[in-house]
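One structure is given below, represented as structure tokens, and several questions about it will come after.
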Amino acid sequence: MKLAFSTLGVPGLPLSEVTALATTHGYHGVELRAHPEEPVHTGLTAEQRADVAAAFKAAGLDILGVAGYARVAAPGDDEPVFTEVRALIDLARDIGAPYVRVFPGGGDEQSAEEADATAARRLGAAAEYAADRGVRILMETHDSHRTGADAMRVLGLVGHRQVGALWDVMHTWLGGEQPVDSFAALSPHLGYVQVKDIASAEDTTPVALGAGVLPLTDVVEVLSRNGWDGWLCWEYEARWYAAAEPLPGLLGAGREHVARLLNESA
């Protein structure tokens, strides 16, 4: 498995410093948070996009994905969601990222069945656009669809190879799902896995990998046992927790912790 980290953990950091952190600490790639407050977002010009791709190529790093905020199950008109997803797909294509992250985002005013149908309709409609650009859309286990079983209700309806799942191990755990069950549900569609650790179920402040309560050992074990050799991405949610310990000082130990889990599960 290859290891990346998300720029959610280093909000606003210039890309030159992001790539330096990754190479210094032995990471293979980076997931780029796509937001106007970040160096990478959908408003970049063609020249700026080319510069992003060149910077990562020069550093010998992969851009794992573009982490967008489109909410594909959200109530309302389809067209604003389509516009946002297409913009994220174009950005990913231009900078050389294979994946785009979207959220479910179903609202309380919908039934689960309505949210499923809305997400599946929108993802299905975007799938060919993504296919033409060599990008895969991944719906994260999050908010209204936080477990693998929840996500599968949508992905089973879509049935297109360019639409898959991003497994956020915190949300499936908070949803009461065991890693073996999450993997069983998501594996036919799995793009990559976001690992993290938190203080407790009641306090989701990010902590160093291995220092919290999430079942990372079980996650790595089930992935290894099933021969999965994709990406693990450390999503350290520093942007939302001002008191969290800065990520740069944790990156080396985090890589070593994952390597130790991989060795023990081999």
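Considering only residues of segment 44-75 that are closer than 27 Å to residue 144 by Cα and either out of contact with any Leu (no Cβ under 9 Å at 6 or more places or on another chain) or not small (Gly, Ala, Ser) (or both), which is most open to solvent (accessible area, probe 1.4 Å)? Quick ask: steps written out before the conclusion?
Our first condition is that a residue be closer than 27 Å to residue 144 by Cα; within segment 44-75, this holds for 64-75.
Now narrow it down to the ones that are either out of contact with any Leu (no Cβ under 9 Å at 6 or more places or on another chain) or not small (Gly, Ala, Ser) (or both): 64, 66, 69, 71-75.
On the way: 64: 3, 66: 1, 69: 57, 71: 100, 72: 2, 73: 0, 74: 22, 75: 59 Å².
Filtering segment 44-75 for residues that are closer than 27 Å to residue 144 by Cα and either out of contact with any Leu (no Cβ under 9 Å at 6 or more places or on another chain) or not small (Gly, Ala, Ser) (or both), the one most open to solvent (accessible area, probe 1.4 Å) comes out as 71.
Look at segment 1-27 and say how many of its residues are exposed (fewer than 15 other Cβ atoms within 10 Å of the Cβ), in contact (Cβ under 8 Å) with a residue 40 or more places away in the chain and assigned to a loop (DSSP other than H, G, I, E, B).
Of the residues in segment 1-27, 1 are exposed (fewer than 15 other Cβ atoms within 10 Å of the Cβ), in contact (Cβ under 8 Å) with a residue 40 or more places away in the chain and assigned to a loop (DSSP other than H, G, I, E, B).
Any idea how many residues of segment 152-182 are open to solvent by less than 40 Å² (accessible area, probe 1.4 Å), not in a loop (DSSP other than H, G, I, E, B) and not charged (D, E, K, R)?
Selection size over segment 152-182: 14.
Do we find that residue 185 is of a type in the set (A, V, I, L, M, F, W, C), assigned to a helix (DSSP H, G or I), open to solvent by less than 30 Å² (accessible area, probe 1.4 Å) and free of Cβ contacts under 8 Å to residues at least 40 places away in the same chain in this structure? So that I can check it myself, show each step before the final result.
Numbers: of a type in the set (A, V, I, L, M, F, W, C): yes; assigned to a helix (DSSP H, G or I): yes; open to solvent by less than 30 Å² (accessible area, probe 1.4 Å): yes; free of Cβ contacts under 8 Å to residues at least 40 places away in the same chain: yes.
Answer is yes for this residue.
For the structure I just gave you, tell me whether residue 232 is in contact (Cβ under 8 Å) with a residue 60 or more places away in the chain, part of a strand (DSSP E or B), buried (at least 23 other Cβ atoms within 10 Å of the Cβ) and not acidic (Asp, Glu).
Working: in contact (Cβ under 8 Å) with a residue 60 or more places away in the chain: yes; part of a strand (DSSP E or B): yes; buried (at least 23 other Cβ atoms within 10 Å of the Cβ): yes; not acidic (Asp, Glu): yes.
Against the criterion (in contact (Cβ under 8 Å) with a residue 60 or more places away in the chain, part of a strand (DSSP E or B), buried (at least 23 other Cβ atoms within 10 Å of the Cβ) and not acidic (Asp, Glu)), residue 232 qualifies.
Also: Of the conditions (1) surrounded by fewer than 16 Cβ atoms within 10 Å (Cβ to Cβ); (2) more than 16 Å from the chain's Cα centre (by Cα); (3) farther than 19 Å from residue 254 by Cα; (4) in contact (Cβ under 8 Å) with a residue 40 or more places away in the chain, residue 203 fails just one. Which one is it?
Result: residue 203 passes all but (4).
Quick check on this structure: which one of 191, 210 is modelled with pLDDT of 95 or more, touching a His at 6+ places or on another chain (Cβ under 6 Å) and of a type in the set (Gly, Ala, Ser)? Let's see the steps before the verdict.
On the way: 191 fails: touching a His at 6+ places or on another chain (Cβ under 6 Å).
Criteria check complete, one pass: 210.
Hey, can you tell me all the residues within segment 100-146 that are assigned to a strand (DSSP E or B), more than 21 Å from residue 176 (Cβ to Cβ) and not aliphatic (A, V, I, L, M)? Walk me through how you get there before you give the answer.
Our first condition is that a residue be assigned to a strand (DSSP E or B); within segment 100-146, this holds for 100-103, 136-140, 142, 145.
Cutting the leftovers down to more than 21 Å from residue 176 (Cβ to Cβ) gives us 100-102, 136-138.
If the condition is that a residue be assigned to a strand (DSSP E or B), more than 21 Å from residue 176 (Cβ to Cβ) and not aliphatic (A, V, I, L, M), then 101, 136 are the ones that fit.
Being in a helix (DSSP H, G or I), open to solvent by 40 Å² or more (accessible area, probe 1.4 Å), touching a residue at least 24 places away in the same chain (Cβ under 8 Å) and over 20 Å from residue 77 (Cβ atoms) is the requirement here; does residue 149 meet it?
On the way: in a helix (DSSP H, G or I): yes; open to solvent by 40 Å² or more (accessible area, probe 1.4 Å): yes; touching a residue at least 24 places away in the same chain (Cβ under 8 Å): yes; over 20 Å from residue 77 (Cβ atoms): yes.
In short, yes.
Can you tell me which residue in segment 235-266 is farthest from residue 216 (Cα to Cα), limited to those that are acidic (Asp, Glu) and open to solvent by less than 80 Å² (accessible area, probe 1.4 Å)?
Restricting to residues being acidic (Asp, Glu) and open to solvent by less than 80 Å² (accessible area, probe 1.4 Å), the top hit is 237.
I've got another one for you. Give the residues of segment 106-130 that are within 20 Å of residue 194 (Cβ to Cβ) and open to solvent by 10 Å² or more (accessible area, probe 1.4 Å), sorted by residue number.
106
Quick check: is even one residue across segment 28-35 open to solvent by less than 10 Å² (accessible area, probe 1.4 Å), touching a Phe, Trp or Tyr at 6+ places or on another chain (Cβ under 9 Å), among the acidic types (Asp, Glu) and touching a residue at least 24 places away in the same chain (Cβ under 8 Å)?
Looking through segment 28-35, at least one residue is open to solvent by less than 10 Å² (accessible area, probe 1.4 Å), touching a Phe, Trp or Tyr at 6+ places or on another chain (Cβ under 9 Å), among the acidic types (Asp, Glu) and touching a residue at least 24 places away in the same chain (Cβ under 8 Å).
Of all residues in segment 188-208, how many are closer than 18 Å to residue 243 by Cβ and either in a loop (DSSP other than H, G, I, E, B) or not β-branched (Val, Ile, Thr) (or both)?
The initial filter retains those residues of segment 188-208 that are closer than 18 Å to residue 243 by Cβ, namely 196-200, 202-208.
Then drop every residue that is not either in a loop (DSSP other than H, G, I, E, B) or not β-branched (Val, Ile, Thr) (or both), which leaves 196-197, 199-200, 202-208.
Counting residues in segment 188-208 that are closer than 18 Å to residue 243 by Cβ and either in a loop (DSSP other than H, G, I, E, B) or not β-branched (Val, Ile, Thr) (or both) gives 11.
Does residue 210 satisfy being at positive phi, touching a helix residue (DSSP H, G or I) at 6+ places or on another chain (Cβ under 8 Å) and not polar (S, T, N, Q)? Break it down into steps so the answer makes sense when it comes.
Working: at positive phi: yes; touching a helix residue (DSSP H, G or I) at 6+ places or on another chain (Cβ under 8 Å): yes; not polar (S, T, N, Q): yes.
The answer is yes for residue 210.
The values are calculated or read from the model by the stated rules, or taken from the named source; none is laboratory data. Treat the numbers as computed from the prediction; the structure is a model and nothing was measured. Counting neighbours? That spans all protein chains shown, and the Cβs are built from the backbone with ideal geometry, glycine included. Ligands, DNA and RNA are excluded from the accessible area calculation, which covers all protein heavy atoms including side chains. Shrake-Rupley method; radii C 1.70, N 1.55, O 1.52, S 1.80 Å.
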